[in-house]
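Q: Dropping a structure here in structure tokens format, bear with me for questions.
Each value in this text was obtained by applying a stated rule to the coordinates, not by laboratory testing. Being a predicted model, the structure only gives us computed values, none of them experimental. So basically every Cβ, Gly included, is an ideal-geometry build from the backbone, and we count neighbours across all protein chains shown.
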Ligand SMILES: [Fe+2]
Ligand SMILES: [Fe+2]
């Protein structure tokens, strides 16, 4: 998707840019954009000069199969005439409600939140991964449209996952989650899956497990404010991009503290999962006892999940390699707690290797 823009880019375009991997171009730079690889071009028509729009017209004419929509000011005849002259398929009001526009884009192109799961995915696993993806998508929409987070939907998605673990096994669930096209969605779901399994191993109560599951699903919610073109970038991040990503716990704090029904425990987990016991973490440089057990658990799940994920710039670590990295972090993380995580990490490893051997003979 691609968005064309002027100086006074309307909020709607910025929001769509946050929810989809979009690029925003000035009108005069549209010639540099590869429109053929875009699904949708949104052209802001307010105050665009004739010479700038001539370039846009040529670019759109060169990509006739791409859906293009003009954003017009309500009641402004010039904007509508320009949209016709550019041959734009449709027009939207620049002040169209964000939720509305996002829903229409989902209907047209399929939801960005939803993974493309193979038909062989076990039923309950598919249901769980779809429910969790939908909950994450709705959370992102709620944040950008400044409405209430769908906490009941998050809780149901967490519950569904426990059913999937029981019926299909965690290994099937991990494989299905890794089919998601977005690293960001995949990561939040993996962390949640490991957090739930970890809670189980530690014998946490049902309510503690539910809280940890919800917190895990929301742990990187502040990333909603980071463009997906950075989060899902299929290459190594630049120093500046990495610095932008490091801001996400602070953004999570802003988002969650503005929500009336999110507990302090969930906020603590989301804000502090990048803290280290020796004080070298961020954003608050907490130390030792200042970091709660739940946060320490999530930190282990977060690092482990990030390591076993495959990225364009790094291969997926095996469970053994990922566990080794956590051991090497020494006093930064809670090593006794990490020992309890061993069975979570290696249960999946064992199940996967049994399956690999079975298919080698099958
Ligand atoms: Fe994070
Ligand atoms: Fe994370």
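Q: So if I take the centroid of the Cα atoms in region 275-345 and the same for region 132-152, what is the distance between those two points in Å?
A: 27
Q: Take the alpha carbon gyration tensor of region 1-129, find the square roots of its eigenvalues, order them as a ≥ b ≥ c, and report rounded if a/c is under 1.5; if not, report prolate when a/b exceeds b/c, else oblate.
A: The shape class here is prolate.
Q: For region 161-258, just say rounded, prolate or oblate: build the C-alpha gyration tensor, square-root its eigenvalues into a ≥ b ≥ c, call rounded for a/c under 1.5, and beyond that prolate if a/b exceeds b/c, oblate if not.
A: Since a/c reaches 1.5 but b/c is at least a/b, the shape of region 161-258 is classed as oblate.
Q: How many percent of DSSP beta bridges within the chain run antiparallel, rounded to 5?
A: 5
Q: Sticking with this one: From the helices alone, meaning DSSP H stretches of at least four residues, give me the mean residue ellipticity at 222 nm for the chain, per-run term -39500 (n - 2.57), in deg cm²/dmol to the nearest 500.
A: After summing the helix terms and dividing by the residues of the chain, the value is -18000 deg cm²/dmol.
Q: A follow-up question, please. Over the chain, what is the relative contact order in percent, taking alpha-carbon pairs closer than 8 angstrom and at least six residues apart?
A: Result for the chain is 12 percent.
Q: Where a ≥ b ≥ c are the square roots of the eigenvalues of the C-alpha gyration tensor, would you call region 123-361 rounded, which needs a/c under 1.5, or, failing that, prolate if a/b is larger than b/c, or oblate?
A: Here region 123-361 falls in the rounded category.
Q: Fully extended, how many nm does the chain gain between residue 337 and residue 244 (0.36 nm per residue separation, minus their Cα-Cα distance)?
A: Value of the extension gain: 30.4 nm.
Q: Can I ask one more? Full-extension gain between residue 76 and residue 51, please, as 0.36 nm times their residue separation minus the C-alpha to C-alpha distance.
A: Additional length available on full extension: 7.1 nm.
Q: Between residue 58 and residue 95, what is the label-to-label distance in nm when each label sits 7 Å out along the Cα-to-Cβ direction?
A: Once both label points are built, they end up 3.6 nm from each other.
Q: Let me ask something else about it. Just want the ordering: 44, 159, from fewest to most Cβ atoms lying within 10 Å of their own Cβ.
A: 159, 44
Q: Here's something else I'd like to know. If packing is taken as the average number of other Cβ atoms within 10 Å across a peptide's residues, how do 288-296, 308-316 rank, most packed first?
A: Order by mean packing, descending: 288-296, 308-316.
Q: Oh, and also: Which order, highest average first, do 338-344, 194-200, 241-247 follow once you tally other Cβ atoms within 10 Å for each residue and take the mean per peptide?
A: In descending order of packing, they fall as 194-200, 338-344, 241-247.
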